[in-house]
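Asks: Okay, handing you the structure first.
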Amino acid sequence: MRFVIAWAGAALVTAAGVGGAQRPAPDAAGTVLGARRLAKGASVKIFNPAGSVRLIGWARDSLLVRGAVASDDRFYLAGTENGVKLGVEDRAGAENPDACELVVYLPAGAQVSVKTASARIAAYDVSGWFYSVSGAIDVSGTASSLDVESMTGAVTIGAESPWVRARTGQGSLRISGRPQDVDASTISGLLDVTSDAILRAQFTSVTGDIRYAGALAPGAVFDFSSHSGVVTLVLPRDVSATLALSSVNGTIENGFVSTHPAALERRSERVTLGHGEASVTVRTFKGAIRLRPRR
Amino acid sequence: MTRTNRARLDRYTAELRRPVDGDPALDELWPAIRSRLDRGTAGETSVIPRPARRTPAVTVTAIVAAMAAAIVLAFTLAGVMNDRSPAPMVAVATNADSAAALRAIDDSVRAYEEETRILLDRLELARAVLPPQAAHAVDHDLAVVDSAIAELNAAIERHPSDPSLRRLLAASYRQKLDVLQRIANAG
């Protein structure tokens, strides 16, 4: 029978000083698994096969790991001030690894590299690479860069970041917050983007639908591409953009009916809205393209 | 990077450095990428600047090779992403319709086909030892992408001069490379 290390009191969490309206509430309990001094720009490599990994960036030059590790598993933490590795040792051949819960507080400027099999990942004010085979990934707060990938799990990004790359296979991919440059794609999962802050973006799917709802800043450049997914753009009525829409076998629906296409070919349409200050390209093979004004 | 890929990259670099007075299509193709090549930072080229990230050592060579192909693909897919200025769509359409652009797209598709084959071979072992759930997911994703590629190839046979089809095909190969990289990451 699995034995889980007993939870400690909340005193150390209070000492950790994690607070603020936007920050996740600190855990009320959790055994301290390890702690050490860590430089702000340090790299942190984390592995946990199952359970969860929760990452919280803080304004301190230290690392604190709390959580619960199954008795059959071993927690490790090693490295220097400029880089550490931590996590739960992978037991070779274990088809259903025990769930271990890790909560990691680390300097907000650190760059993480997190990998899990089925464990879900949640991160706040943390930058770096996040990967899971089947676990869901949820990233929020502020980050210098985000590279997020889950094979079958859902990915949710609600962060402010100058650079975001996100990939899913069958899982949904939802992006909100204030990213600037975005490269996002799914295979068959839904790609849902709701943001007014994106300046450059490439959104791609194979069979998954793509939905974008947001403003288009002057000078912004967007590229949408899907094989058979439906691409839906919901834009403000006063948007200023030039849109090149083309579908080989799909339909094109233009909900801005009061405007006239600048060029019209079979299954392709070039539309100028307002002064045409942003550039949008949409290509599909057989997925429909829907252009709709925001209500 | 393999010698073949290096040679291919050199060819493209030479092509881009060549005076283009007689080829306005190439002249307008993504000056940002050309300037990177001139600075000798071609390896950094991608749709969006990519920060350093963890890459499994076993596939470093394969990924680097794939990135070389991505450089080629960037000529056709991502040029517009590398220039913040709102390029006139009419100009983009003119480039797309040009024979030079079609050739570039063809070359990038071929490069992607080759790189995916290389990656598939190298990742065969990694794929075999994936957990069942992950293996099923990978097989599903590859089947979806391969089905799209097959449909696009059939359409290209019927409409060989349609640049949109070739761009979609190149995008599908990029998706396939992403799936293969996920196999490497899952190992």
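Coordinate-derived values only; no laboratory data. Since we're looking at a predicted model, the values are computed, not measured. With ideal geometry, Cβ positions are generated from the backbone for all residues, glycine too; neighbour counts draw on all protein chains shown.
Asks: I'd like to compare A:180-193, A:96-109: which one has the highest average count of other Cβ atoms within 10 Å, and what's the full order after that?
Replies: Numbers: A:180-193: 23.7, A:96-109: 21.0.
Taking the mean over residues of other Cβ atoms within 10 Å, the ranking is A:180-193, A:96-109.
Asks: Sticking to Cα atoms, compute the Rg of region A:157-295 to one decimal and its Dmax as the biggest Cα-Cα distance, whole number, in Å.
Replies: Cα radius of gyration and Dmax of region A:157-295 are 13.8, 40 Å respectively.
Asks: When you have a sec, figure out the Kirkwood radius of region A:106-236 from all distinct Cα pair distances and drop it here in Å to one decimal? All intermediate terms of the calculation are to be shown ahead of the outcome.
Replies: Values: mean 1/r = 0.0698 Å⁻¹.
For region A:106-236, inverting the mean 1/r across all distinct Cα pairs yields 14.3 Å.
Asks: Amide H neighbours of A:Thr281 under 5 Å, at least 5 residues apart or on other chains, H built in the peptide plane: list them.
Replies: Residues meeting the amide H criterion: A:Phe222, A:Asp223, A:Phe224, A:Ala244.
Asks: Still on this model: Measuring from the lowest to the highest alpha carbon on each principal axis, how far does chain A reach, largest first, in angstroms?
Replies: 67, 39, 30
Asks: As a test of the formula, what do you get for chain A when each DSSP H run with n ≥ 4 contributes -39,500 (n - 2.57) and the sum is divided by the residue count, at 222 nm and rounded to the nearest 500 deg cm²/dmol?
Replies: Mean residue ellipticity, 222 nm, calculated: -500 deg cm²/dmol.
Asks: Two-decimal Rg/Rh of region A:32-81 from alpha-carbon positions, Kirkwood Rh?
Replies: 0.95
Asks: Still on this model: Using Cα-only point scatterers and the Debye equation, what is log10 of I(q)/I(0) for region B:94-187 at each q in 0.15, 0.19, 0.26 Å⁻¹, rounded to two decimals?
Replies: For region B:94-187, the Cα-only Debye profile gives -0.61, -0.86, -1.29.
Asks: Sort A:63-70, A:200-207 for me by packing, meaning the mean count of neighbouring Cβ atoms within 10 Å per residue, highest on top.
Replies: A:200-207, A:63-70
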